[in-house]
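A short worksheet on the structure shown next.
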Amino acid sequence: MVVIVMIAAILTVIFVVLPARGVIGRNPFVGVRTRATMQDDAAWRRGHQAAILPTGVATGAVIVLGGGSIAVGRENDSVAVILCAAVLVAGALWSVVAAHRAVG
């Protein structure tokens with residue numbers, strides 16, 4: 001189960017980096033979609049550029065925690081899964097704040 005959270009973390013960072021690079025434009029499906037980042041294309045890119053660091057930190061932490069859980073044979077342990085998911089959610093919230101501050 002922890003592998004699923006690790007995959008979600010990797011997808012999350014991909015869906016922040018690609019908009020920051022201009023590969024994915026404003027859309028209703030992926031990325032940091034706040035009122036501020038959806039204003040225009042420049043705000044979209046600027047917000048995602050600011051969100052790279054917090055998203056990367058959270059993803060790195062999830063990979064380390066999840067990898068450690070797998071290494072000790074606890075990949076299906078509820079505590080490990082919840083901890084990794086909580087780190088991912090905290091990183092997402094941090095990313096939204098960073099994106100909002102960069103645009104606002």
Legend entry - Flag if THR12 is of a type in the set (S, T, N, Q) and under 11 Å from the mean Cα position of the chain (by Cα): yes
Legend entry - Hits in the stretch 56-104 (condition: under 15 Å from the mean Cα position of the chain (by Cα) and of a type in the set (Gly, Ala, Ser)): GLY56, ALA58, GLY60, ALA61, ALA85, ALA86, ALA90, GLY91, ALA92, SER95, ALA98, ALA99
Legend entry - Neighbours by Cβ (under 7 Å, 6+ apart or cross-chain): first from the stretch 58-70, on the phi > 0 side of the Ramachandran plot; second of a type outside the set (D, E, K, R) and not in a helix (DSSP H, G or I): none
Legend entry - Candidates GLY47, GLY67 - the one that is at pLDDT 95 or above, of a type outside the set (Ser, Thr, Tyr) and surrounded by fewer than 20 Cβ atoms within 10 Å (Cβ to Cβ): GLY67
Legend entry - Residue identified as in contact (Cβ under 8 Å) with a residue 12 or more places away in the chain, of a type in the set (A, V, I, L, M) and open to solvent by 30 Å² or more (accessible area, probe 1.4 Å) among VAL2, VAL32, VAL17, VAL23: VAL17
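The values are calculated or read from the model by the stated rules, or taken from the named source; none is laboratory data. All values derive from a computational prediction rather than experimental measurement. Heads up, the Cβs are rebuilt from the backbone with ideal geometry, glycines too, and the neighbour counts pull from every protein chain shown. Note: accessible area is taken over every heavy atom of the protein model, side chains too, but ligands, DNA and RNA are not part of it. Shrake-Rupley method; radii C 1.70, N 1.55, O 1.52, S 1.80 Å.
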